[in-house]
Structure formats: C-alpha cells, structure tokens
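Below is one structure; the comments refer to it alone.
The values are calculated or read from the model by the stated rules, or taken from the named source; none is laboratory data. Being a predicted model, the structure only gives us computed values, none of them experimental. In this analysis, Cβ positions are derived from the backbone assuming ideal geometry, glycine residues included, and neighbour counts consider all displayed protein chains.
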C-alpha cells in the first residue's frame, strides 16, 4: 500500500532537494516509495529499511539503481552494527509515517531518535513526514528529537500531511 505521506514527501523532495550523489536511508520504508524516488533521481546509494518481515522488494529494481534492502530494528546498538556494515553515514534520512502512536507507539520514539543520531551524517538532514491524526503525538516526538537534532523546522503542510526538516544545527 502506498501511503499519502510518501507521495507528498516525494513531491516535496522533487521541489527542494537535489538527491544526486547523496547517500539516502529510508527508515520504516514500507513500500519504499520515497527511497526509490531518491534512487531514481540520482542518489549515490539508497538503503530501504524496515523490520525483516516487512521487506518485500523486487531484486531487479535494486540492482539497477543501487538500492540496498536491509532489515533494521531501531535502536543504538542495531544502528551501530548497521553503520559498520554500510561503511558510511547518510546525507538524507527519510521517515515517512514512522511516528504515529497508533501504529508505532511512544515506546519506539527513543529507539528511532537513537537510530537517527547514529546514522545521520554531521551535515545531513532528516525529513519526518506525517499524516496528522488525532492524538498522533507528533509534537511530543519532535520535542524528544530536539535532544538529538538541534534544528527542527516545519517546511511543508499539504492538507493533513506535514514535513519537518531536522538537522544537527541551524543553517545560516
């Protein structure tokens, strides 16, 4: 299933980010649309990650566009292992509909923040794209994320979908 947040994120990336020669990581990828979109637009290397039981992608797509599919359970220890296996950090980390309390629960947020902290390059950016739902907890999650990433900015609202751009520091 392709979620609306993934489509909105792809459209925003088209208008605001040049993904050529970037290393891209999609967390909780599901169908992987934003990550695949970045790969098709020239990303150097794209990793689609999710829990192992959620990873179902055609191998023909992955080889041609340097897309790698790898299970990743969020958390610092798992992310250190992942980073060592990849051999690099990521310029662009995508998290589309990965925060909602009704799907992931608040207990996953610390693990997600630890993963971002471990895998985002010093000058990289995290895009958090979420469909707003009642009691979704997004503001709480963003407050928690501020402990890891100093600068968080709402960069787009498209209907009920918000995109927040997050960095380790504010660009001048």
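Across the stretch 33-79, which residue is surrounded by the fewest Cβ atoms within 10 Å (Cβ to Cβ) among those that are within 18 Å of residue 116 (Cβ to Cβ) and modelled with pLDDT under 90?
Looking at residues that are within 18 Å of residue 116 (Cβ to Cβ) and modelled with pLDDT under 90, I get 51.
List pairs: first in the stretch 8-19 and on the phi > 0 side of the Ramachandran plot and free of Cβ contacts under 8 Å to residues at least 12 places away in the same chain, second outside any loop (DSSP other than H, G, I, E, B) and surrounded by fewer than 17 Cβ atoms within 10 Å (Cβ to Cβ), Cβ under 6 Å, 6+ apart or cross-chain?
Once the first residue is on the phi > 0 side of the Ramachandran plot and free of Cβ contacts under 8 Å to residues at least 12 places away in the same chain and sits in the stretch 8-19, no partner that is outside any loop (DSSP other than H, G, I, E, B) and surrounded by fewer than 17 Cβ atoms within 10 Å (Cβ to Cβ) comes close enough.
Being closer than 23 Å to residue 19 by Cβ and in contact with a strand residue (DSSP E or B) (Cβ under 6 Å, 6 or more places away or on another chain) is the filter here, so list the residues in the stretch 146-161 that pass it.
Scanning the stretch 146-161 gives 149, 151, 152, 153, 154, 155, 156, 161.
Looking at the stretch 149-171, which of its residues are surrounded by fewer than 19 Cβ atoms within 10 Å (Cβ to Cβ), at negative phi and not in a strand (DSSP E or B)?
150, 160, 168, 169, 170, 171
What about residue 144, is it touching a residue at least 60 places away in the same chain (Cβ under 8 Å), surrounded by fewer than 20 Cβ atoms within 10 Å (Cβ to Cβ) and more than 23 Å from residue 2 (Cβ to Cβ)?
On the way: touching a residue at least 60 places away in the same chain (Cβ under 8 Å): no; surrounded by fewer than 20 Cβ atoms within 10 Å (Cβ to Cβ): yes; more than 23 Å from residue 2 (Cβ to Cβ): yes.
Criteria not met by residue 144.
Mind listing whichever residues of the stretch 82-134 are buried (at least 21 other Cβ atoms within 10 Å of the Cβ), modelled with pLDDT under 95 and assigned to a strand (DSSP E or B)?
Those that are buried (at least 21 other Cβ atoms within 10 Å of the Cβ), modelled with pLDDT under 95 and assigned to a strand (DSSP E or B): 96, 130.
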